[in-house]
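See structure below.
Coordinate-derived values only; no laboratory data. Just so it is clear, the structure is predicted and the values come from calculations on it, not from any experiment. In this analysis, Cβ positions are derived from the backbone assuming ideal geometry, glycine residues included, and neighbour counts consider all displayed protein chains.
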Amino acid sequence: MDAPAQYFDLGFIHISYPNLFVIVLMVVLFAIALVAPFPHGSDKDA
Amino acid sequence: MLDQKAVVTQPAPKTAASTPPAASDGSWTLRTRQWVDRVLPMDHLLPHRQPYYVGSWVYVFGVVTIAALVWVVVSGVVLSFLGPQWWHDSSLGRFFNSLHFWSVQLFFLFMVLHLWGQYFMAGWRDGRAATWMIGVVIFATSILTAFTGYLSQLNFDSQFIAINAKDAMNGAGVGAFFNVLNFGQMYGLHVMLLPIGVTFLVVVHIVMVRSRGVVKPIAPEGRSAK
Amino acid sequence: MSLFKQPMTQDEYYRGVRMARYDLVKELTYALIGVAVIALVLAAAFSSPDVPPITVASWAQADPVDFVTTATGELAGSTTSAGYGAPYNNAGGEQSWGPIAPQVWFGQRIPVDSANAFVLQPLAYASVGNTDLGKALGAWKTASADQQTKWLNTYTDALGKATVTDGKVTVADGDYGPLPVMMNGLLTVAQSGGLDGLLLTNGRFYQTDYTQGLLFIGDSGYLDGLATAANLTGSQWGMMNETGQYPGQTWLWLYTMWYQVWPFTSDTGFLGLNGGNADLGIVFLMTVLTAALALVPAIPILRDIPRWVPIHRLIWRQYYAPKSKAAARA
């Protein structure tokens, strides 16, 4: 894991694949959180 | 907002076990207790129900950030207990450093997701601007805490970060007081002063959220739901 | 406009809102367990980065010519640290933006005399018991400033074509005065590890301040080469990056981005902001942007975007579902 990472280049953007993975993962997690069904609490007053 | 099938929504108003004495009692302790009871009564601090619209996974990012912070602190305490050199010389130490490293990554990951969620919910509405602002301060303080942590690693990364970052600090004038090349200073800030700061701010942030409750949905016509 | 005060109690705020069971303590417990598991798995699978630090010794051994070139530069006052200015010295290299110059305002609070600290004092120690080195050092100290400058200029030029022979840095014949003896003496101290200790402790016993050693290493081309290979330098988005294949400080993306773009990559720049005062300019810019983030609730357009972007309609879809909408307006 100590060998240098590979980099992704696009225009002036120069980002390591690990960092890119983290950012993409965050966007994916946010999107999933928006649409995934959430277990509902009981409608009755507890 | 009134649901035909609404069940009783609010409990009966809380009454003190005994009738509260007159406000002119003059007791600071009593006034403090009454203020706390007003601002954050127990059933607001630990409610067992939430509005029905709290039904999205976006709501869990806050508490998961707190959980990550707990593990950052726990692993950090273990690391500090055996000194900053320990994790370089011991495989158990290296493991705790790894826990600390990944907990920090998770902390920032979930904190930013929480920020995105709160932004798109406009969570600052209805008197909650201070909660949002404290959140931004927590973000900035966390970055500073992580920065001092990276400087405390005692390896090549901390060397280069120190040498490079000094220019930003010096350019802004703060380098005269905040010397990133001074390991002792950075380490002391990282293990004591800044974690206390972050924890204090997080507690204030949580108290503010619980005191006001979660914000209502953005009303369909564009204004905050009354 | 109620930014800070909710003009009603929480009970009044939720009056008429249907409540549902929601177990906060259970949620926190699941979160603690879940995050613990994820952190444990990641730690076990990937460990954490730990590239060993370089020492003055390892630098002097790996690249003796660069070491001697840097040390000569310290004497000549041509290195980054020698020409830095506040807080280290008064060489005048401070950053400013028009009249704004906090680096100057706060003065030299961390005095470092590069030539003495990195070269002459260590040589004074090393010359104990070393007559040749002692004589060379004496010759240097008694020479005039003009003579020293002449030797330095000639030697610096010659170092451009230096080679390493038998552990010593050799250059073409020329008039360098005592410099070759001094520099090779310093090289020996460095390669033995003695210079690391001398730069750190500075005559003390306990020491936790690495300013001198780091400034000296920072002046080298050796460090720069290693950092570039690891993509850590400022012009490589380095602030965001970590050694090895680990994620770095992704949250610094906006801060480091400015170092890659105009005006901070240009010599002429814009409104007085350019590559020369990029550190000051970017700190200022990021302070403004962070304040703006904190003040979003009060900033038009920024605070209205959430209403325009339908993400909240996904988060609160139970609220916006047709049947409760009709009931809401009842």
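Structure notes:
- Tilt relative to chain A, helix A:17-35 - C-alpha long axis, 0 to 90 degrees, to 10: 20
- The stretch C:56-228 shape via C-alpha gyration tensor axes, a/c threshold 1.5: prolate
- Computed over the protein assembly as shown, the P(r) tail beyond 42 angstrom holds 37 percent of alpha carbon pairs.
- Positive-end residue of C:LEU254, B:THR29, C:GLY193, charge dipole of the protein assembly as shown with Cβ unit charges: B:THR29
- For the pair the stretch B:78-96 and the stretch B:120-183, the centres of their Cα atoms are 24 angstrom apart.
- Folded to 0 to 90 degrees: helix B:61-81 orientation relative to chain B principal axis, Cα: 40
- Applying 1/(1 + (r/R0)^6) with R0 = 45 Å to the Cβ-Cβ distance of B:ALA219 and C:LEU40 gives a FRET efficiency near 0.55.
- For the stretch C:172-190 and the stretch C:51-75, distance of Cα centres in Å: 14
- Distance between the 7 Å Cα→Cβ label points at C:SER78 and C:ILE305: 4.9 nm.
- Tilt relative to chain B, helix B:194-212 - C-alpha long axis, 0 to 90 degrees, to 10: 10
- FRET efficiency, C:ARG15 to C:ALA321 (Cβ-Cβ, R0 30 Å, nearest 0.05): 0.90
- Label-point separation, C:ALA139 to C:ASP157 (7 Å along Cα→Cβ), nm: 2.0
- Judged by the gyration tensor of its Cα atoms, with axes a ≥ b ≥ c, chain C is prolate; a/c meets the 1.5 cut and a/b is the larger of a/b and b/c.
- DSSP H segments from chain C that extend 27 Å or more along their own axis, Cα-based, with Kyte-Doolittle mean of 1.6 or above: C:24-46
- Shape category assigned to the stretch B:72-174 from the gyration tensor of Cα positions, a/c cut at 1.5: oblate
- Test item: Cα-centred dipole of the protein assembly as shown, Lys/Arg +1 and Asp/Glu -1 on Cβ, debye: 3640
- With R₀ set to 35 Å, the beta-carbon distance separating C:ASN90 from C:LEU295 gives a calculated FRET efficiency near 0.35.
- Convex hull volume per residue for the stretch C:151-283, taking Cα atoms only, in Å³: 194
- Helical contribution to [θ] at 222 nm, DSSP H n ≥ 4, -39,500 (n - 2.57), averaged over the protein assembly as shown, rounded to 500: -16000 deg cm²/dmol
- Mean Cα-pair separation over length for the stretch B:57-121, i.e. relative contact order, pairs under 8 Å, 6 or more apart, %: 49
- Of the trypsin sites (Lys or Arg not before Pro) found in the stretch C:8-38, those in coil by DSSP whose Cβ has at most 16 other Cβ atoms within 10 Å are C:ARG15.
- Separation in nanometres of the label points that stand 7 Å from Cα toward Cβ, at C:SER192 and C:THR170: 2.3
- Selection among C:GLY98, C:ILE315, A:LEU29 by position relative to the dipole of the protein assembly as shown gives C:ILE315 as farthest towards the positive end (Cβ unit charges, Cα centre).
- Between C:ALA124, C:ALA298, B:LEU151, the Cα set farthest toward the positive side of the dipole of the protein assembly as shown (charges on each charged residue's Cβ, about the Cα centre) is that of C:ALA298.
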